[in-house]
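**Q** To start, I am sharing the structure in question, which I have written as structure tokens.
The values are calculated or read from the model by the stated rules, or taken from the named source; none is laboratory data. Bear in mind that the values here come from a model prediction, so they are computed numbers and not experimental data. Ideal geometry is used to build each Cβ from the backbone, glycine not excepted, and the neighbour counts take in all protein chains shown. In case anyone asks, the SASA skips ligands and DNA or RNA and just uses the protein heavy atoms, side chains included. Shrake-Rupley method; radii C 1.70, N 1.55, O 1.52, S 1.80 Å.
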Amino acid sequence: MRIPNLGETELLIPLHSGVFEQPMWLTFLRLMRRVCEAEGVAIWLTGTGDTDAVALHDGELIGFVAEEMRNGRVYSGEEIGYDDAGLRAVRVEGAGIVLTLAVLAQASPTAKIASLLTALVPHLRVALRVLETIERERSRASVSEEAFRRMNFGWIALDERCRIVDVDNQADSFLRRSGALRRGPYDRLVPSSPHVDRELTALAKAMAADRRHRPQAINISKDPWIDILVAPTRINLLAGKDKAVAVVYLRGDRSSSADRHEQLVDLFDLTPAEARLAWSLAQGLSIVEAAEAHALTVETARYYSKKIYAKTGARGQVDLVRNILTGVLALA
């Protein structure tokens, strides 16, 4: 049996890169089993205070190691109630995850294995911190993704011919269920409006020529309301094998105007007529335009608007837009 020097990369690279494998640490466990000439090598992961563990192993599945182990100390099987003298195990505690590494090698020198585990402890701590950081960011990303999903935000990366290079889950779902934007032949992003199609095509070409081109917003549907913002991309990771030149950020309302009117009635105790006018004002219509859209006189619309502002707590149309479009209705 040859225990590698930890100055070598044979074990350390698989240990530190193992958090990105599926299953995790597969290569590291196989190498540990080989260099220790072991019957089995296992890693258990538990949350702090939890009893359930995730078991990762190569070879013989070793029974669960007792919890009464001190952080960073190597234990023999007898010390932790495991009926096999060939077992050596170490426990490493992180901020929220506990990692236990065990090696069962009946025919190998246990002193050398214990020495190897001791030398691995600081590296196990680093790998555990990386895992905890990944899990924490994954959790945060999951919360953010859910918020974006509820608010119906998404992004689509385009090349200079308006072909889709990459797309997030939310935008992909939007393309499948919306008629306002769809995947066309050769994976081209095709708006339903020919005018918007021409505008988007021109923007993609312009942004391919000038990465400092200013972002441009386009409305592609009034009911339900769907906007897109086209911006030059500076994130090469979005490019894939075909280089992306622009990113389309989309915000699509999943509810019709009728649904929004009902929600405004519920949320602010508006009358149906007030709710219809409030939604039109929130979409940027002036009092005169909103009055005309709802067959009201301007005087009646102004009277309704005063009641709307009072009930919603808005001090004017700008406040009304913010209260409606960035409030909980955006999550409905």
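**Q** Looking at the stretch 105-133 only, could you name the residues that are farther than 26 Å from GLU78 by Cα and of a type outside the set (A, V, I, L, M)?
**A** Initially, the stretch 105-133 is screened for residues farther than 26 Å from GLU78 by Cα, giving 126-133.
Once the filter is applied, which keeps residues that are farther than 26 Å from GLU78 by Cα and of a type outside the set (A, V, I, L, M), the stretch 105-133 yields ARG129, GLU132, THR133.
**Q** Would you be able to say whether some residue in the stretch 99-110 is over 17 Å from PRO122 (Cα atoms), open to solvent by 50 Å² or more (accessible area, probe 1.4 Å) and either out of contact with any Gly (no Cβ under 7 Å at 6 or more places or on another chain) or modelled with pLDDT of 90 or more (or both)?
**A** Yes, the stretch 99-110 contains at least one residue that is over 17 Å from PRO122 (Cα atoms), open to solvent by 50 Å² or more (accessible area, probe 1.4 Å) and either out of contact with any Gly (no Cβ under 7 Å at 6 or more places or on another chain) or modelled with pLDDT of 90 or more (or both).
**Q** Among the residues of the stretch 260-316, write down those that are in contact (Cβ under 8 Å) with a residue 24 or more places away in the chain, open to solvent by 60 Å² or more (accessible area, probe 1.4 Å) and on the phi < 0 side of the Ramachandran plot.
**A** Result: LEU267, LYS307, LYS311.
**Q** Just to be sure I understand, how many residues within the stretch 206-216 are out of contact with any Asp or Glu (no Cβ under 6 Å at 6 or more places or on another chain) and over 13 Å from VAL248 (Cβ atoms)?
**A** Going through the stretch 206-216, the residues out of contact with any Asp or Glu (no Cβ under 6 Å at 6 or more places or on another chain) turn out to be 206-207, 209-216.
After this cut, where a residue has to be over 13 Å from VAL248 (Cβ atoms) as well, the list is 206, 209-214.
Number of matching residues: 7.
**Q** Every residue in the stretch 256-277 that is touching a helix residue (DSSP H, G or I) at 6+ places or on another chain (Cβ under 7 Å) and modelled with pLDDT under 80, please.
**A** Scanning the stretch 256-277 gives SER257, ARG260, HIS261, GLN263.
**Q** For the stretch 58-85, name all the residues that are assigned to a loop (DSSP other than H, G, I, E, B), touching a residue at least 40 places away in the same chain (Cβ under 8 Å) and open to solvent by 10 Å² or more (accessible area, probe 1.4 Å).
**A** So the first thing to find is which residues in the stretch 58-85 are assigned to a loop (DSSP other than H, G, I, E, B), and the list is 60-70, 72-73, 77, 81-85.
Then keep just the ones that are touching a residue at least 40 places away in the same chain (Cβ under 8 Å); that gives 60, 62, 72.
Those that are assigned to a loop (DSSP other than H, G, I, E, B), touching a residue at least 40 places away in the same chain (Cβ under 8 Å) and open to solvent by 10 Å² or more (accessible area, probe 1.4 Å): GLU60, GLY72.
**Q** For ALA55, which of the numbered conditions (1) over 19 Å from ARG138 (Cβ atoms); (2) open to solvent by less than 40 Å² (accessible area, probe 1.4 Å) fails to hold?
**A** (2)
**Q** Could you tell me whether ARG322 is at pLDDT 90 or above and either assigned to a helix (DSSP H, G or I) or touching a strand residue (DSSP E or B) at 6+ places or on another chain (Cβ under 6 Å) (or both)? Steps first, please.
**A** On the way: at pLDDT 90 or above: no; either assigned to a helix (DSSP H, G or I) or touching a strand residue (DSSP E or B) at 6+ places or on another chain (Cβ under 6 Å) (or both): yes.
When the stated conditions are applied, ARG322 does not pass them.
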